[in-house]
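Structure, as structure tokens:
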């Protein structure tokens with residue numbers, strides 16, 4: 001009697017495993033996802049998991065890489081130098097709000113929420129990813145408003161993290177976008193006030209462009 005050939009288990013797809021982990025980390029947060037959760041979702045055993053990814057934290061880093069590749073906002077387009085600064089920054093906030101509330105199961109920003117991880121290794125990884133985006137905003141502000149670049153960068157950081165937290169709490173995409181627009185209007189007023197103050201100062205000292213001094 002001939003025995004049936006033993007069916008070989010399908011080869012494990014590491015990239016698919018990263019996609020599965022990314023979704024779990026996004027839905028639950030790094031700390032709430034256990035090794036058992038990951039191996040069960042991937043249908044593999046712990047030894048195979050460690051051979052493929054090294055550790056849960058290393059897998060989290062790969063998941064953030066994948067998330068950034070798929071979801072990175074087009075900063076060059078949003079912060080184009082030919083756009084008025086307040087308009088450009090508002091468009092960035094609105095785009096982030098739309099993204100954070102787009103998927104009812106994957107809300108907020110995976111990287112921003114990773115900053116809340118209790119695990120210091122995972123938290124430091126998230127900080128490195130997050131710093132790249134903030135540095136891009138800071139570099140832009142250094143060009144358009146160097147006198148207040150740090151304060152405005154802080155404002156953008158706080159607003160973006162607040163939008164992510166609100167999305168994770170269940171705020172609708174429509175409400176998130178409206179909040180982003182309000183934040184943008186406040187930015188516009190700040191830019192207008194700064195421009196007015198600069199113009200007033202130039203006028204007082206007889207340096208207003210196109211105006212002849214009375215002195």
ask   = Does residue 156 qualify as being under 16 Å from residue 63 (Cα atoms), assigned to a helix (DSSP H, G or I), assigned by TED's automatic domain parsing to the domain that holds residue 185 and within 16 Å of the chain's Cα centre (by Cα)?
value = no
note = Within the stretch 114-128, the residues that are surrounded by fewer than 21 Cβ atoms within 10 Å (Cβ to Cβ) and in a helix (DSSP H, G or I) are 120, 121, 123, 124, 127, 128
query = Hey, residue 12 hits all of (1) surrounded by fewer than 17 Cβ atoms within 10 Å (Cβ to Cβ); (2) on the phi > 0 side of the Ramachandran plot; (3) in contact (Cβ under 8 Å) with a residue 24 or more places away in the chain but one; which does it fall short on?
reply = (2)
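Of all residues being part of a helix (DSSP H, G or I) and surrounded by fewer than 14 Cβ atoms within 10 Å (Cβ to Cβ) in the stretch 25-49, which is farthest from the chain's Cα centre (by Cα)? Just the residue, please.
Within the stretch 25-49, the first condition is being part of a helix (DSSP H, G or I), and the residues that meet it are 25-28, 35-42, 46-49.
Narrowing further to those that are surrounded by fewer than 14 Cβ atoms within 10 Å (Cβ to Cβ): 28, 35-36, 40, 46-47.
On the way: 28: 17, 35: 26, 36: 28, 40: 29, 46: 31, 47: 33 Å.
Top of the filtered list is 47.
What about residue 88, is it in the same structural domain as residue 22 (by TED's automatic domain parsing) and touching a helix residue (DSSP H, G or I) at 6+ places or on another chain (Cβ under 8 Å)?
On the way: in the same structural domain as residue 22 (by TED's automatic domain parsing): no; touching a helix residue (DSSP H, G or I) at 6+ places or on another chain (Cβ under 8 Å): yes.
For residue 88, the condition - in the same structural domain as residue 22 (by TED's automatic domain parsing) and touching a helix residue (DSSP H, G or I) at 6+ places or on another chain (Cβ under 8 Å) - is not met.
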Cβ pairs under 9 Å, 6+ apart, first in the stretch 148-163 and closer than 14 Å to residue 86 by Cβ, second not in a helix (DSSP H, G or I) = 152/145
message = So in the stretch 159-176, with the set limited to residues that are more than 15 Å from the chain's Cα centre (by Cα) and surrounded by 12 or more Cβ atoms within 10 Å (Cβ to Cβ), which one is nearest to residue 29 (Cα to Cα)?
response = 171
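Return the residues of the stretch 73-91 that are surrounded by 13 or more Cβ atoms within 10 Å (Cβ to Cβ) and closer than 26 Å to residue 19 by Cβ; say none if nothing qualifies.
Let us first name the residues in the stretch 73-91 that are surrounded by 13 or more Cβ atoms within 10 Å (Cβ to Cβ), namely 73, 75, 78-80, 83, 85-91.
Once the filter is applied, which keeps residues that are surrounded by 13 or more Cβ atoms within 10 Å (Cβ to Cβ) and closer than 26 Å to residue 19 by Cβ, the stretch 73-91 yields 73, 75.
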request  = State the number of residues belonging to the stretch 139-158 that are touching a helix residue (DSSP H, G or I) at 6+ places or on another chain (Cβ under 8 Å), surrounded by fewer than 18 Cβ atoms within 10 Å (Cβ to Cβ) and closer than 21 Å to residue 71 by Cα.
outcome  = 1
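The values are calculated or read from the model by the stated rules, or taken from the named source; none is laboratory data. All of these numbers come straight from a predicted model, not from anything done at the bench. Cβ sites come from the backbone with ideal geometry, for glycine too, and all protein chains shown count toward neighbours.
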